[in-house]
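Here the structure comes first, spelled out in structure tokens, and everything after it is commentary.
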Amino acid sequence: MQRVLTSLRLTRPWRSPPARSCASAAAAARDPEIQVRALEGPDKGITEILMNRPHARNALGNVLVSELLEALARLRDDRQVRVLLFRSGVKGVFCADVNSRLRGADLKEREQMSEAEVGVFVQRLRGLMNEIAAFPAPTIAAMDGYALGGGLELALACDLRVAASSAVMGLIETTRGLLPGAGGTQRLPRCLGVALAKELIFTGRRLSGTQAQALGLVNHAVAQNEEGNAAYHRARELAQEILPQAPIAVRLGKVAIDRGMEVDIASGMAIEGMCYAQNIPTQDRLEGMAAFREKRPPRFVGE
């Protein structure tokens, strides 16, 4: 059965973004380049961000970056968001930033920027990826098509990645006289190891979804369907596996892993201990033990 998508209702107010220039306001007046949707029914707890910039194949231009940052700010403190899923509304593309087949508006924008403006934009792009990586709930990228340059950097900032076997991905910046500047040089080595990451970045090589899974770049690769959204459906199935688990424990597990990976193992053990201590007084921990004792499924509430 097709699940019903509804408009997102936020549980807490959020601050309005800073006032935009006339040019930015005009851009914002156009149709939004992302849609934020909270799924209902059995999928309740999954929120998806759908990128929809077909004229530029979801290239990361100023407006798209602004809308993504605003969406993340709105969702960050919403405890009803148990899993955040990034997907594309453009068939055959996840996010093809720095794409040779179609010079996306992001490149056209950057061609008109001064060196100082380019530096500011890339710093903002890096900030977006950091916000995705730091999002408190698990994040999943559903790559049903091209994920190149900044598009792959966005996927790398997510906790989990699912790709269609026919998807194409790569950090191809060196083929454009650039280098990855939105976290690719840091996240790819942590994902694949230093030597392999260097090979892929130095050569600008592109990988299929199947090749990416073999290397460990994506968690799952699935055969594409006629609708072109097979990775999205597999990503949603993966999210459904997370939904029944204790929300606070999952979030603290993410903190323990992410922070622990940046330090030596002794420090990592201390971080794990602090996260475990925060989980001890939760109602969910008591519910988990009671459910085990009573031989029934637990009913976690996130408290």
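Odds and ends about this structure:
- Remark: the residue 278-residue 195 segment gains 26.2 nm on full extension, using 0.36 nm per residue and subtracting the alpha carbon distance.
- In terms of packing, defined here as the mean over residues of other Cβ atoms within 10 angstrom, the peptides 235-244, 182-191, 163-172 line up highest first as 163-172, 182-191, 235-244.
- When only alpha carbons are used to place a centre, segment 38-101 and segment 206-276 end up 17 Å from one another.
- Put simply, the Cα atoms of segment 159-303 extend 58, 44, 21 Å along their principal axes, the longest span coming first.
- Compactness of segment 127-181, expressed as Rg and Dmax over alpha-carbon positions, Å: 11.8, 36
- Percent RCO, i.e. relative contact order, over segment 111-266, from Cα pairs under 8 Å lying at least 6 residues apart: 25
- A protection proxy built from the mean count of other Cβ atoms within 10 Å ranks the segments 225-234, 117-126, most packed first, as 225-234, 117-126.
- For the chain: accessible area per residue (Å², 1.4 Å): 51
- Residue-span extension gain [residue 214 to residue 176] - 0.36 nm each, minus C-alpha spacing: 11.0 nm
- Note on the chain: Cα-Cα pairs beyond 29 Å make up 37% of the total pair count.
- Choice from 32, 42, 247 with maximal GNM fluctuation in the chain (Cα, 10 Å cutoff): 42
- Each 5 Å bin, from zero up to the one with the longest distance, holds this percent of the alpha carbon pairs of segment 174-222: 5, 20, 28, 27, 15, 4, 0.
- Under a model in which nothing but the beta-carbon of Lys, Arg (+1) and Asp, Glu (-1) is charged, the chain shows a dipole of about 300 debye around its Cα centre.
- Normalised convex hull volume, segment 249-303, alpha-carbon set, Å³ per residue: 77
- Relative contact order %, segment 243-303, counting alpha carbon pairs below 8 Å whose residues are six or more apart: 39
- A Förster radius of 22 Å combined with the Cβ-Cβ distance from residue 245 to residue 131 puts the calculated FRET efficiency at roughly 0.40.
The values are calculated or read from the model by the stated rules, or taken from the named source; none is laboratory data. Just so it is clear, the structure is predicted and the values come from calculations on it, not from any experiment. So basically every Cβ, Gly included, is an ideal-geometry build from the backbone, and we count neighbours across all protein chains shown. SASA here: full protein model, heavy atoms, side chains in, ligands and nucleic acids out. Shrake-Rupley method; radii C 1.70, N 1.55, O 1.52, S 1.80 Å.
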